[in-house]
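Enquirer: Input: one structure, supplied below.
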Amino acid sequence: MTSNTAQYDVVSIRNDFPILNRKIFGKPLVYLDNGASTQRPTQVIDAVTDLYENHYSNVHRGVHTLSQESSVLYDDARVKVRGFINAACVHEVVFTSGATESINLVAQSYARPRLQKGDEILITHMEHHSNIVPWQMVCEQTGAELKVVPISDKGELEMDRFHELLSEKTKLVSVVHVSNALGTVNPVKELIDAAHALGVPVLVDGAQAVPHIPVDVQKLGADFYAFSGHKIYGPTGVGVLYGKEKLLNEMPPYQGGGDMILSVSFEGTTYNQLPYKFEAGTPNIAGVVGLGAAIDYVQKIGLGAIAAHEHGLLVYATSRLRRIDGLRIIGEADQKAGLISFVLDAVHPHDIGTMLDAEGVAVRAGHHCAQPVMERFKVPATARASFAMYNTFDEIDVLAEAIVKTIGMFS
Ligand code: C6P
């Protein structure tokens with residue numbers, strides 16, 4: 001199948017990603033582990049290099065030229081993130097180290113002071129550990145209880161159970177937008193509307209959504225939205241917590257340190273305004289600048305075009321993989337983003353990962369930090385091929401052939 005169309009020039013996109021020229025065991029790299037982390041285009045690498053070579057210093061702390069320039073680049077990235085997710089204002093965008101920290105921040109700063117015995121936090125059975133463990137911790141700290149919305153055999157949320165579990169006891173709903181283990185795209189707007197009807201705020205874990213589908217936090221009505229830079233072609237160690245201004249203003253700082261204060265004395269401290277109140281210490285300046293460049297890059301290609309391309313890959317890959325004897329796809333929701341989790345009758349997922357690597361194909365094998373999903377589908381692990389804007393239909397063919405070869409070697 002051809003991988004290039006008049007509207008979507010995947011060849012030119014691939015040229016922006018130097019690592020895609022790598023050979024693995026003498027074979028062209030087929031990188032299908034984008035759910036774990038995407039690769040970076042030259043534009044992001046160059047933006048980080050330019051910062052370090054020409055502008056770098058600490059931010060918001062110096063009157064000298066380099067500090068001013070770094071501060072402008074850092075603050076510009078926040079403006080880009082605001083536009084990207086359509087937050088109402090820049091100070092609703094808090095830079096964190098990643099989706100994990102964003103969720104922990106909400107658990108400790110929003111939920112912990114509000115929760116007491118008898119209260120409930122509602123999550124789903126398809127959450128990443130990052131959206132389970134912080135809630136277990138805060139429940140332990142406060143005596144609140146964690147409730148879990150079950151999922152169907154197709155890998156969709158059981159919406160009737162969601163409505164039953166949502167009650168006046170629920171103090172927060174925290175739900176994944178796109179499941180990293182199943183690919184399911186959840187009806188987050190519907191979930192948010194139902195929660196809001198009871199006055200319950202909602203956090204959306206968007207780590208696997210923002211690289212693949214357009215996200216407008218105001219249209220969704222999300223109270224909090226979390227994602228990571230490294231899954232959207234940006235650097236590691238940087239992420240975003242979007243929060244509604246009113247809620248962020250009501251929350252105490254998550255950590256204490258430099259930049260999050262207006263004044264400090266031994267008698268007491270006055271906290272800085274949003275978003276700095278939540279950005280204690282020297283931030284990941286290069287990470288933030290790189291994230292800004294990544295957002296520029298994604299917006300230049302267009303998330304609508306990326307989503308359409310990846311959907312084409314998903315449809316093609318699903319039909320190719322379904323035809324392989326002994327292969328079972330885990331997660332067949334009607335609404336899916338570009339990833340396929342699968343198991344083989346004859347081969348353990350870790351062996352699948354190793355065998356595919358020998359063919360140059362990088363997939364993730366394991367529980368994907370979503371062990372409750374594995375337990376739900378009664379598998380110890382899966383192999384997962386996850387797509388990005390630079391993947392091609394030819395690469396899906398390589399994947400399918402490598403799987404068939406793997407089965408042949410193990411039978
Ligand atoms: N999932 C995967 O291979 P961090 O580690 O903070 O950047 O992202 C955590 C996270 C949160 N939510 C979802 C839905 C995720 O998929 C992830 C990260 C990777 O699936 C690494 S475990």
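The values are calculated or read from the model by the stated rules, or taken from the named source; none is laboratory data. Since we're looking at a predicted model, the values are computed, not measured. Cβ atoms come from the backbone with ideal geometry, glycine included; neighbour counts cover every protein chain shown. Accessible surface is based on the protein model in full, side chains and every heavy atom, while ligands, DNA and RNA are left aside. Shrake-Rupley method; radii C 1.70, N 1.55, O 1.52, S 1.80 Å.
Enquirer: Which of the listed residues, 165, 175, 228, is farthest toward the dipole's positive end in the stretch 45-300, when Lys, Arg count +1 and Asp, Glu count -1 at the beta-carbon?
Expert: 165
Enquirer: DSSP loop (so not H, G, I, E, B), at most 14 other Cβ within 10 Å: list which chymotrypsin sites (Phe, Trp or Tyr not before Pro) in the stretch 1-85 pass both filters.
Expert: 25
Enquirer: Turning to a different aspect of this structure: When Lys and Arg each count +1 and Asp and Glu each count -1, what net charge do the other residues less than 14 Å away from residue 119, Cβ to Cβ, add up to?
Expert: +2
Enquirer: Given charges of +1 on the Cβ of Lys and Arg and -1 on the Cβ of Asp and Glu, with all other atoms neutral, how large is the dipole of the stretch 45-300 about its Cα centre, in debye to the nearest 20?
Expert: Dipole of the stretch 45-300, to the nearest 20 debye: 180 debye.
Enquirer: Now, a different point. For the stretch 276-411, with equal point scatterers placed on the C-alpha atoms only and solvent neglected, what are the log10 I(q)/I(0) values from the Debye formula at q = 0.09, 0.13, 0.16, 0.18 1/Å, to two decimals?
Expert: Results for the stretch 276-411 at q = 0.09, 0.13, 0.16, 0.18 Å⁻¹ read -0.35, -0.66, -0.88, -1.02.
Enquirer: Ranked from the most accessible area to the least, with a 1.4 Å probe and all protein chains present, what is the order of 162, 410?
Expert: 410, 162
Enquirer: Oh, and also: Pop the C-beta distance of residue 311 and residue 255 into the FRET formula with R0 = 51 Å and round what comes out to the nearest 0.05.
Expert: Efficiency for this residue pair is about 0.80.
Enquirer: To continue, here is another question. Tell me the Rg and the Dmax, in Å, that the Cα atoms of the stretch 45-300 produce.
Expert: 18.6, 60
Enquirer: Given the Cα-Cα distance of residue 371 and residue 319 and 0.36 nm per residue of separation, how much length would full extension add, in nm?
Expert: 16.1 nm is the gain from fully extending residue 371 to residue 319.
Enquirer: Largest first, what is the accessible-area ranking of 190, 168, 310, 101 with a 1.4 Å probe?
Expert: Most to least solvent-accessible, the answer reads 168, 190, 101, 310.
Enquirer: At residue 43 and residue 145, where each label point lies 7 Å from the Cα along Cα→Cβ, what is the point-to-point distance in nanometres?
Expert: 5.0
Enquirer: If you don't mind, another one. Take the stretch 161-249, compute every pairwise Cα distance, and split them into 5 Å bins from 0; I just need the percent in each bin.
Expert: In whole percents, the pair-distance histogram is 3, 14, 24, 23, 19, 11, 4, 2, 0.
Enquirer: Between the DSSP loop rule and a limit of at most 15 other Cβ atoms within 10 Å, which trypsin sites (Lys or Arg not before Pro) in the stretch 332-393 are left?
Expert: When the trypsin sites (Lys or Arg not before Pro) of the stretch 332-393 are filtered for loop state and at most 15 Cβ neighbours within 10 Å, 378 remain.
Enquirer: Hey, if you put +1 on the Cβ of every Lys and Arg and -1 on every Asp and Glu Cβ in the stretch 45-300, which of 238, 72, 51 ends up farthest toward the positive end of that dipole?
Expert: After comparing all options, I get 72.
Enquirer: So what is the diffusion coefficient of the stretch 295-358 in µm² per second by Stokes-Einstein at 25 °C and 0.890 mPa s, using a Kirkwood Rh over Cα pairs?
Expert: 180
Enquirer: Still on this structure, please answer the following. Mark the label point 7 Å from the Cα of residue 346 along Cα→Cβ and return the residues of the stretch 369-410 whose backbone N is within less than 13 Å of it.
Expert: Residues passing the 13 Å test: 403-410.
Enquirer: Right, next: On a 1.4 Å probe surface of the protein chains, which of 16, 76, 223, 334 comes out largest in accessible area, and what is the full order?
Expert: From most accessible down to least: 334, 76, 16, 223.
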